[in-house]
Each structure stands twice: as structure tokens, then as C-alpha cells.
Amino acid sequence: MRVLLVEDQLALSKALRQGLEEEGFAVDAALDGEEADAKARSTQYDVIVLDVMLPKVDGLTLLKRWRGAGISTHVLMLTAKTSLGDKVVGLDTGADDYLTKPFELDELLARIRALVRRSHQVKDPVIKIYDLNLDTAARRVTRAGQPIHLTPREYALLEFLAFHRGKVVTRTMIWEHLYDEYDENTSNVVDVYIRYLRNKIDKGFEPALILTRWGEGYMLRSEDDPPPTKDPKDVKRKG
Amino acid sequence: MRSTRSLLIVYFLALLAFGLGLGAVLADRVVGEVLAEREKAAAEAIDLRLAERVKSLRDKFDGELLTHARLIGRVARTEYFPQSDAETRQFQKQLIPIYFSGVGPMHGLWAATWQSGIQIPRRGPGPAGSQPSLYWSLVRSYFSNLQLSELFLKPIDNEDREIDYVQINGPFSSRVSRSENLIAAGYSLPHDRRAFDHVLEDWILTDVNLPAGRTGRRVVFKTPLPLPAFGRFSQPAPRSGRNEQVGPNPLPSDPLQLIFIHVARSTTELERRIASYQADAANDKIALKDETRTTIRRVRITLIAIGVAVFLACLLGSSWLIRRGLKPLNALSDAVSRVSEKDFQLAVRREDLSTELQPIHERIAATLEQLKSAFEREKQAVADISHELRTPVASLLATIDVALRKPRTAEQYHQTLSDCRAITRQLGQLVEKVMTLAYLDAGQTKVTPQKVEAVEVAGTCANVIRPLAEAHGLSFTMKADRPVVLETDPDKLREVLTNLLHNAIEYNRPGGRVELNVLSDLVGVHFNIIDTGIGMTPEVREKIFERFYRADPSRTATGVHAGLGLAIVKEYVDRLGGTIDVESEPDVGTTFRVTLPAA
């Protein structure tokens, strides 16, 4: 999942970036309002973490602009102010969640995950597809009861596919959501990770969950899908 | 605690009691004086009336005496004396035997002569020769025959029922006749003919001693008696010399034929009546005094009653009045007591208060306004401080959280720790500034002035700043015209200059310039800190000395400027007795001018 981290405090930004990346998020950082505005408009982020007090353009103004421009990305506001009024103003302006400084990193991560789920209309943190169990809260994956160890990026890829299960996701989409601005755009990096993932969750299990749509992208099989032998176009229509 | 209300009531009532007392005393005095005056006038009237009554009594008494005397005179003239020649002759005839039997041969001769119409010539005013004695012998004998007791002794209109003493004297003071009561007492009233010499009237009233040691009043009435002369009634030789009257003269006109009628009466009864009048007057006066006393008493009682009534009315009225008077005060007090830290509004309108209370209202409202802004400033300060502290704490916590999520290499830990150290240093500096301001606010910052060389102090600051400026790619110059001695706290001054110079670097632009000029004139020593930085708009310039005010929040990203530096500078300059002002133009630069008074 790709996150835009808007925070002017260098130390905090650095720490959060590291923490988020280690959780498998692709993180773009912005140090002031203008930079954040530019990034939010050019990239479709899954979640934006937005500090209120920002140089140049403050967080609330930014949020207003984005909502006005139709950018509906879920926003988590960060602020040093605790008063109820600020929270109300923040939420009324269009923030989806609110966290006051100082905060626990775990809480921030949990709230970001929750926002990611919400952005994909998933309420239950545990996604079940056939015998695959994906616990997005604990970031644990089991297949037929067997725990599967995934690297953060592998997990992120699986999660992204799971959020879009039954739908085809293009390589570009995958790349955009899983890699940050500094990652090199090598076209086959997605295919490499898909192969890794297949080795871990489909190898030795039936049915195969990760499907390849040639010329389009990849798709995670949905429970509602007809048996894999059927024409994939029907599946697409259904989704 | 004494309440204003009871105090007012007590004062008011005391004043009222004093006023009423004074009024009552005055009224009493006035009434007393008026009454005394009235009493005096009434007493005078009584005296006057008494005198009048006494006088009228006496006059009446005297009048009665005189009337009596006149009556006797008239009766004597008209009833017992001949009124015509015929009567005279008759009278003479009657007298002859009396004469011969009573007075002797000589008289009888004289009488015969008189009978025969011998004219006895008269000379002078009085009876000549022995004629008068003869004449009066006749008169006396005549009077002896009069029924004096019947006629003359009868009291005339005499309420006293006193019997008057009557005596008749002849022209030569010889006693002619007396009333019986005089005869009985063997007393005759003294007679002095000469008393008439200086009297115009024909009567004289005098006090007189009466028989039996009584005192009385007497009138002596002088009246001519028309006794017929022995001879023809004819006019004596006319003095006018013409108009010889023919025929007898009906009345003799000889002045010698005067008799004096004494009428005396005891004044015992009169005195008794006068005494009774006097007693009446005395009683009247006593009654008057009593009445006055009663009136005074009644006036006093009325005064006291009115006073008590007024006092009671005021006792009730004052409590109401004072409650009413204190109403606006109560309203104000209510409004003040309703003021709380949440609501600094005074819940009463200024226009609703009396003019006396309006200044108080203004003061309270102004004070509340100050309190409110102070309170809000304080709240803002706390919020600002917590805000400023939260961000580094959040950084610290996040950094540590990330580090602890999984095992790290020694290098990573080292990196984390140095990050944490940097953050903690920021935090420390911030806390330092907040504490500095808190100490300044609490008045615990001591200024220890000493004689210092201003240029030297500025020089030390310049030495600290220069490397920093150069590191930022700025040129730094310091200028001073001449050494100047100041009496100030060098530490504070250094702090001020360093702070301002830090700002000048912080808010400068790459390739810019920072200057520190030390000038001195009569006013004092000026330290001018000039930069070629981003400058400020006038709105910003007004607020830069406020705490936690930052023209551009972006600077927090690079420094530890929580908006406290200039607030501290201002406080220090104030403490040093100096002034600070600032000139600035956006995108051109800023000049801070610190002026300290010369030593």
C-alpha cells in the first residue's frame, strides 16, 4: 500500500517512514504543504498521513483543496493539538481519522491499515478466499491452516490482490501502490514478486489463486468465481 | 462584617434623630417664646382692663357724689328759694318771725327795714357790714328747716347703700348745715374755700377722713344760691350804663351768695369692689399662666408624638429606601459574583446602573477584559507550550518505536540514538526558553547592572555569530563609532544581541548580509541589527514580540524557534530599561534597534 506521509518535522518524518516501510508500505514523504499537494494530485495513494501544522500550506487547507478537487483518498490527520474543536474541524473538513501527537507507532499503523481496508470496502480484517486466510490486522497468512511466511513486499502484494480479488489488476496498478517514488521502474519487478508469491501460496495447494490475465495483469480468484476452468471473461463481468 | 445597608440605616436614623431633636427644641423654644409673648400681652390686657374698671368705678363713684351734690344744689335753688317777687315776699314774711324769734332785736330791725323795701346798698364783692352775718343767720335757719335727712341724705343711685355725708358751707366757710349722720358723729367735714382759687370747675373731689376712722371720698360743689336780698329785687346799678332795667330782678346775682355743698361717702365698699376686681384680675392671670403652661405641655407632647411618628416612618421608609438605593449595587455585585473563568462577561449593562456606579462598572469591565485576555494568553501559552513539546516528543517516541520493532544492527542503534539526542536537545532548548519566560513572568530574573563597554560586549556576540553566518553563506559585519560605557547587565545584553543576530541569520536569504552597528548619542546606546532577509509585513511586525508567534511556521522544520526568542528579547530589554523597535520591509530586510540608556 502506498502512503503519502506529510510531516514537517524531519526527525518524525524519518522515523515514521522507516516504521511504515518496514511494515510493507510504500512511503512518499512531503515536508511542506505545497510538496504534499503536488504529490497527492499526481499519485493515487491508498492513505495520506497529514500533519496539521505545515509550512506554506497548512494541513486543513490542503485537505479542503483535495476534497474540492475530488481526491477522496483516506486521510489520517496528525496534530499536536488535543482540543476537541480541532478534532471536529479536522473531521468536518474531510479527514477520515485523527491522531494526536505523541502517539504509539503501533496505533498509527493499525489506523492506517484500517483506512486501507475501508478504502477497499473491506470491513472484516480477515479475508478468506477458499482455504487462504489473510489477516490484514496481524499481517498473517495461512493456507489450509498452514502459516505462510511472506516478506513485507510479498505480503503487500498479496493484500493488494486480495483487496481487488475477482478483478484484474494491472502491473502499473501494482507498481503504483507497492513502490514508492524512489523505487526504480523496472517492468518485470512485479512479475518477479508474483512468481515469489505463487511459490508461497499456490505451490502444493488447490485451486491456484493467483491467475494471470495475459495482456492485462493478474487477478486473485474470488470465492464467488466459477471453477477455474471457466471463461475468465465471465468472471470479469461478475466482478 | 457590617453591611452597608445597616450602616446607612444607623447613620440615617442618627442624623434624623439629631435633626428631629434639634427641630423639636427649636420649635419648643419658638412656641415658648410666642406663648410667653402672648401671655404677657394678655396680662397687660388684664391689667389694662382692671385699671379701666377701677377707673370707671371710681369715676362712677365720683360722678355719683357730684350728681348728688348738684342735685342738692338744684333742689336747694328750685324748691326752697323764691323764684319771683311774690315768692320772695312770701319767703320774707315767713322769715320775719323766724328772725325775730331767733336772732335778736338788731336783726329784727334790719328785717323790718328790709321788709319796708329799704334798699341796702352793696359795695364790693362780698356782703358789706354786718349784713352778711345777718343774712347767713337767715340762711342757716332756713337750712335747718330743710328736711336734709329726707332729701339730701338719700343715696342717689347708690349701689353701695352707703349713706352719704352731706355738709353745706356758706360763703365764709361757715358751716351752714350738716346731715344727720354728721351731727350724730359730731363731725364736720373740713372746708377750705381757697381750694377753689386755682380750680376752673365748680367742684373739687378729694379723699377725706370720715367719722369712725373711715376714709371716704368727698365732692365739694360750689353753687350760687339765689337768696333774696332784703329789699327789692332789682338789678344793681347797671355797669354798662344803658338799658336801665325796670322791675325787680328775679334772681340775685351776688357772687357772695355762694354755698359749698359737701357730699362725702365712705369708700369701703368701693375699695372692696376694687379689691374684688383686682382679685379677679390676679385669678385671670393665674388662669392665663396655667393655660400657657398647658399649651406648652400640649405643644411638647405634639412635638414628641410627631417626632416619634416621623422616626418610625423613617425607620420603615429608610430600610425600603436604602434597599432601593442599593439595588444597582446589588445588581453589580451579583453580576460580579457571576463572573467565572469561563465567562468574563459582566452580566449587567452599564446603562442600567446609576451614574455613580458606572465608573466602577467600567473599571470592573476593563479589569475583567484584561483578566480575560491574560487568561486567554495563559491558556494559549499552555496550549502553545504543550504543542511545542508534543512534536519533539512524538518524534522521539516514533524513532524509538521504530527502532524497537525488530532487532537492529549496532550501527542502526547508534543512528537511532543520535537522532534521539538531537531531538532531546531541541526539547531541552525549548524547555529552557519556556523556563526563562516563566522566570521573567514570576519576577525571579535578577538584573545585575555593572559598568561595561558596549562595543566590547557587541564584539563578543559578533565573534560567536560570525562563523554561524558564514556557515549559512552570509556576510557579517560589525561597526562601532567609538567605545562607550554602559551600565547594564552584560549577560542579558549578550543574550538579546545573540538572539537578534540568530534571527537575522535564520530569516536571511542565501548570499545575504548581517550587520551589527553600535552607535551612541545623547539618548543612549543604539544596537542596530540589520539583515537583508525576507522582511515582515506590518501585520506580522506588530505581533513578533508576542509569545509563540511565528511569522512562518515552516521554520520549525529547521530550527528550535518556538516563537519565544523575540518575546524573551523584549522582556530582557524592558528589564534593562531600554526600548526595542523594528523596521522591516518584506523581501528587503529587517532592522532591529535596541536602545539602552547611557550610563
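The values are calculated or read from the model by the stated rules, or taken from the named source; none is laboratory data. Given the structure is predicted, the values throughout are model-derived calculations rather than measurements. In this analysis, Cβ positions are derived from the backbone assuming ideal geometry, glycine residues included, and neighbour counts consider all displayed protein chains.
Any chance the range B:393-414 includes a residue that's more than 17 Å from A:PHE103 (Cβ to Cβ) and surrounded by 15 or more Cβ atoms within 10 Å (Cβ to Cβ)? Scanning the range B:393-414 turns up no residue that is more than 17 Å from A:PHE103 (Cβ to Cβ) and surrounded by 15 or more Cβ atoms within 10 Å (Cβ to Cβ). Exactly one residue out of A:LEU157, A:LEU54, A:LEU78, A:LEU60 is at pLDDT below 90, over 28 Å from B:THR391 (Cα atoms), crowded, with 20+ Cβ neighbours inside 10 Å and of a type outside the set (Val, Ile, Thr), and it is A:LEU157.
Matching residues to (1) surrounded by 19 or more Cβ atoms within 10 Å (Cβ to Cβ); (2) within 60 Å of the chain's Cα centre (by Cα); (3) at pLDDT 85 or above:
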position: B:THR215; (1), (2), (3): no, no, yes
position: B:PHE230; (1), (2), (3): yes, no, no
position: B:ARG239; (1), (2), (3): no, no, no
position: B:HIS262; (1), (2), (3): yes, no, yes
position: B:GLU271; (1), (2), (3): no, yes, yes
position: B:ILE274; (1), (2), (3): no, yes, yes
position: B:ASP280; (1), (2), (3): no, yes, yes
position: B:LYS285; (1), (2), (3): no, yes, yes
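B:LEU316 satisfies every condition listed in (1) within 14 Å of another protein chain (Cβ to nearest Cβ); (2) assigned to a helix (DSSP H, G or I) except (1). Do you know which residues across the range B:13-65 are among the aliphatic types (A, V, I, L, M) and under 30 Å from B:SER319 (Cα atoms)? Result: B:LEU13, B:ALA14, B:LEU15, B:LEU16, B:ALA17, B:LEU20, B:LEU22, B:ALA24, B:VAL25, B:LEU26, B:ALA27.
Evaluating B:ILE568 against the criteria (1) modelled with pLDDT of 85 or more; (2) surrounded by fewer than 18 Cβ atoms within 10 Å (Cβ to Cβ); (3) assigned to a helix (DSSP H, G or I); (4) in contact with a Lys or Arg (Cβ under 7 Å, 6 or more places away or on another chain) leaves one unmet condition, (2). Go through the residues of the range B:473-481 one by one and say whether even a single one is among the small types (Gly, Ala, Ser) and part of a strand (DSSP E or B). Yes: one or more hits. Within the range B:509-527, can one find any residue that is crowded, with 17+ Cβ neighbours inside 10 Å and closer than 26 Å to B:GLU388 by Cβ? Checked the range B:509-527: no residue is crowded, with 17+ Cβ neighbours inside 10 Å and closer than 26 Å to B:GLU388 by Cβ. A:ARG2 meets each of the listed conditions (1) at pLDDT below 85; (2) in contact with a His (Cβ under 6 Å, 6 or more places away or on another chain); (3) not β-branched (Val, Ile, Thr) apart from (1). Output the residue which, of all residues in the range B:403-441 that are touching a residue at least 12 places away in the same chain (Cβ under 8 Å) and hydroxyl-bearing (Ser, Thr, Tyr), is farthest from the other protein chains (Cβ to nearest Cβ). In this case the residue turns out to be B:THR436.
Yes/no per residue for (1) within 20 Å of B:VAL393 (Cβ to Cβ); (2) in contact with an Asp or Glu (Cβ under 6 Å, 6 or more places away or on another chain); (3) without any contact (Cβ under 8 Å) to a residue 40 or more places away in the chain; (4) of a type outside the set (Ser, Thr, Tyr):
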residue	(1), (2), (3), (4)
A:LYS14	yes, no, yes, yes
A:GLU23	no, no, no, yes
A:ALA26	no, yes, no, yes
A:ASP58	no, no, yes, yes
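When B:ASN209 is tested against (1) modelled with pLDDT under 80; (2) more than 13 Å from B:ILE261 (Cα to Cα), just one condition goes unmet, and that condition is (1). Looking only at the range B:319-348, residues that are part of a loop (DSSP other than H, G, I, E, B), charged (D, E, K, R) and at pLDDT 80 or above come to 1 in all. Comparison of A:ALA162, A:ALA156, A:ALA138 shows that the only residue that is small (Gly, Ala, Ser), out of contact with any helix residue (DSSP H, G or I) (no Cβ under 6 Å at 6 or more places or on another chain) and not in a loop (DSSP other than H, G, I, E, B) is A:ALA162. Within the range A:205-236, the only residue that satisfies the criterion of being small (Gly, Ala, Ser) and at pLDDT below 80 is A:SER222. Looking only at the range A:27-86, count how many residues are closer than 15 Å to A:GLN9 by Cβ, within 20 Å of the chain's Cα centre (by Cα) and small (Gly, Ala, Ser). Of the residues in the range A:27-86, 3 are closer than 15 Å to A:GLN9 by Cβ, within 20 Å of the chain's Cα centre (by Cα) and small (Gly, Ala, Ser). The test for being among the small types (Gly, Ala, Ser), assigned by TED's automatic domain parsing to the domain that holds B:PRO586 and within 24 Å of B:GLU546 (Cβ to Cβ) does not hold for B:ALA462.
For A:LEU105, work out the one condition from (1) free of Cβ contacts under 8 Å to residues at least 40 places away in the same chain; (2) within 14 Å of chain B (Cβ to nearest Cβ) it doesn't fulfil. Condition (1) is where A:LEU105 drops out. Taking A:SER119 as the residue in question, decide whether it is surrounded by fewer than 19 Cβ atoms within 10 Å (Cβ to Cβ) and either within 11 Å of chain B (Cβ to nearest Cβ) or touching a strand residue (DSSP E or B) at 6+ places or on another chain (Cβ under 9 Å) (or both). Yes; evaluated as a whole, the condition is true for this residue. Filter the range A:90-148 down to residues that are among the hydrophobic types (A, V, I, L, M, F, W, C) and over 27 Å from A:ARG221 (Cα atoms) and give me whichever is modelled with the lowest pLDDT. Among residues in the range A:90-148 that are among the hydrophobic types (A, V, I, L, M, F, W, C) and over 27 Å from A:ARG221 (Cα atoms), the one modelled with the lowest pLDDT is A:LEU91.
Is there a residue in the range A:175-189 that is in a loop (DSSP other than H, G, I, E, B), touching an Asp or Glu at 6+ places or on another chain (Cβ under 9 Å) and touching a residue at least 12 places away in the same chain (Cβ under 8 Å)? Among the residues of the range A:175-189, at least one is in a loop (DSSP other than H, G, I, E, B), touching an Asp or Glu at 6+ places or on another chain (Cβ under 9 Å) and touching a residue at least 12 places away in the same chain (Cβ under 8 Å), which makes the answer yes. Listed by first and then second residue, the pairs linking a residue in the range B:378-396 that is facing another protein chain (nearest Cβ under 7 Å) to a residue that is part of a helix (DSSP H, G or I), with Cβ atoms under 8 Å apart and 6 or more places separating them unless they lie on different chains, are B:THR391/A:LEU12; B:THR391/B:THR556; B:VAL393/B:LEU427; B:ALA394/A:LEU12; B:SER395/A:ALA11; B:SER395/A:LEU12; B:SER395/A:ALA15; B:SER395/B:ILE423. Looking across the range A:141-151 at every residue that is in contact (Cβ under 8 Å) with a residue 40 or more places away in the chain and outside any loop (DSSP other than H, G, I, E, B), the one that is nearest to A:MET1 (Cα to Cα) is identified as A:VAL141. Here B:ILE364 clears all of (1) assigned by TED's automatic domain parsing to the domain that holds B:LEU35; (2) surrounded by 14 or more Cβ atoms within 10 Å (Cβ to Cβ) except the condition numbered (1).
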